[in-house]
1. List, please: which pairs have Cβ atoms under 6 Å, are six or more places apart or on different chains, and start with a residue in the range 187-209 that is under 23 Å from CYS123 (Cβ atoms) and end with one that is open to solvent by 30 Å² or more (accessible area, probe 1.4 Å) and within 14 Å of the ligand (Cβ to nearest atom)?
2. Considering only helices (runs of 4 or more DSSP H) fully contained in the range 88-163, which possess at least 3 residues that are closer than 23 Å to ILE252 by Cβ and within 13 Å of the ligand (Cβ to nearest atom)?
3. Among the numbered criteria (1) under 19 Å from the mean Cα position of the chain (by Cα); (2) away from the ligand (no atom under 11 Å from the Cβ), which one does THR228 miss?
4. Of these, THR242, THR287, THR246, which one is away from the ligand (no atom under 14 Å from the Cβ) and under 14 Å from PHE142 (Cα atoms)?
5. If the requirement is being surrounded by 12 or more Cβ atoms within 10 Å (Cβ to Cβ) and free of Cβ contacts under 8 Å to residues at least 40 places away in the same chain, which of these qualifies: GLU278, GLU294?
6. Pairs, please: C-beta under 7 Å, at least 6 apart or cross-chain, first residue near the ligand (Cβ under 7 Å from one of its atoms) and in the range 256-274, second assigned to a helix (DSSP H, G or I)?
7. Does at least one position in the range 234-253 carry a residue that is modelled with pLDDT of 95 or more, in a helix (DSSP H, G or I) and either among the polar types (S, T, N, Q) or within 21 Å of HIS79 (Cα to Cα) (or both)?
Amino acid sequence: MALTTAGTQPSLGEVAGIPLPATTVDNWPQIQGFKAQSDDLLICTYPKSGTTWIQEIVDLIGQSGDVDKCQRAAIQHRHPFLEWARPPQPSGVEKAGAMPRPRVLRTHLPAQLLPPSFWESNCKFLYVARNAKDCLVSYYHFQRMNRTLPDPGTWDQYFETFISGKVAWGSWFEHVRGWWELRDSVRMLFLFYEDIKRNPKQEIQKVMKFMGKNLDGAMLDTIVQETTFEKMKANPMTNRSTAPKTVLDQSISPFMRKGIVGDWKNHFTVAQNERFDEIYRQKMKGTSINFCTEL
Ligand SMILES: Nc1ncnc2c1ncn2[C@@H]1O[C@H](COP(=O)(O)OS(=O)(=O)O)[C@@H](OP(=O)(O)O)[C@H]1O
């Protein structure tokens, strides 16, 4: 069912009430049938939460800090995006199936839509969460420049769309809550974008340990330096500049946009902020999760 139609940009479909790109919905049986393996590492995020950042960190750790090896392909091609489907190109599931083990995969799916084999496989999950206000801002600018997602409309319109969960991959609140509640029942490392920003070395060490790697201090320093916002913005293998303009039009807004904590303050009106805080309190009631919205 189409939820949104704006201009010539595509509309969203949905699965079990969660809005998703229509091509993902069309490929749903293949996605649900995906066979996870025990040595998979699945990077899980709500969109715009630091997926690309953690991908580069994980890849550099996996390559023992060898920067040249991480230049082998653009970041979006290094770790198959599970629910990605754009025929006639191979789907995320097909790419993952053709990949040597151990595999690093990524998804934006909410926990309840994950293919069941992930829960049966005892694989590792690396979830990165970013505070909702900055996610909203980042998603708004991303939808302005991403030709595969609906046009976001005005800022005020998008604010309403986001808080009602009518964006691709659904409600931020439900996504974060769903994954947070699972963190102790599976092999999961749960990280926060704001913590990586505040203390990258400490958070990268957590990832290293979780991946079972033991890199020396010099390698760790290299990874910290190579994954700063500035470095990744200038790196053609991480800044998405290889994506065609018909997919990402970076003249409208760059993929590596600002990379800061607290940009919401430049977008939210006082009334929007108060309303958002109230909705946040209602929707996140009873969870123990804590976000930082400024550094
Ligand atoms: N190294 C580093 N440091 C800090 N911030 C970074 C970094 N790399 C990416 N980013 C910022 O992350 C936002 C993009 O999130 P995602 O990679 O999850 O996007 S996507 O969902 O995969 O499209 C997007 O955030 P905004 O700048 O706020 O829009 C990116 O700029």
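The values are calculated or read from the model by the stated rules, or taken from the named source; none is laboratory data. The shown structure was predicted, so the numbers you read here are calculated from the model rather than taken from an experiment. Quick reminder, even Gly has a Cβ in these numbers, built from the backbone with ideal geometry, and neighbours come from all protein chains shown. Accessible surface is based on the protein model in full, side chains and every heavy atom, while ligands, DNA and RNA are left aside. Shrake-Rupley method; radii C 1.70, N 1.55, O 1.52, S 1.80 Å.
1. Hits for this filter: GLU203/ASP195.
2. Numbers: elements: 92-97, 117-121, 132-145, 155-163.
Fully inside the range 88-163 and qualifying: 132-145.
3. THR228 satisfies all of (1) under 19 Å from the mean Cα position of the chain (by Cα); (2) away from the ligand (no atom under 11 Å from the Cβ) except (2).
4. Values: THR242 fails: under 14 Å from PHE142 (Cα atoms); THR287 fails: under 14 Å from PHE142 (Cα atoms).
Step by step, each of THR242, THR287, THR246 is checked, and only THR246 is away from the ligand (no atom under 14 Å from the Cβ) and under 14 Å from PHE142 (Cα atoms).
5. On the way: GLU278 fails: surrounded by 12 or more Cβ atoms within 10 Å (Cβ to Cβ).
So the residue among GLU278, GLU294 that is surrounded by 12 or more Cβ atoms within 10 Å (Cβ to Cβ) and free of Cβ contacts under 8 Å to residues at least 40 places away in the same chain is GLU294.
6. Once the first residue is near the ligand (Cβ under 7 Å from one of its atoms) and sits in the range 256-274, its partners that are assigned to a helix (DSSP H, G or I) give MET256/PHE229; MET256/MET232; MET256/LYS233; ARG257/SER138; ARG257/HIS141; GLY259/PHE229; ASP263/ASP134; ASP263/VAL137.
7. yes
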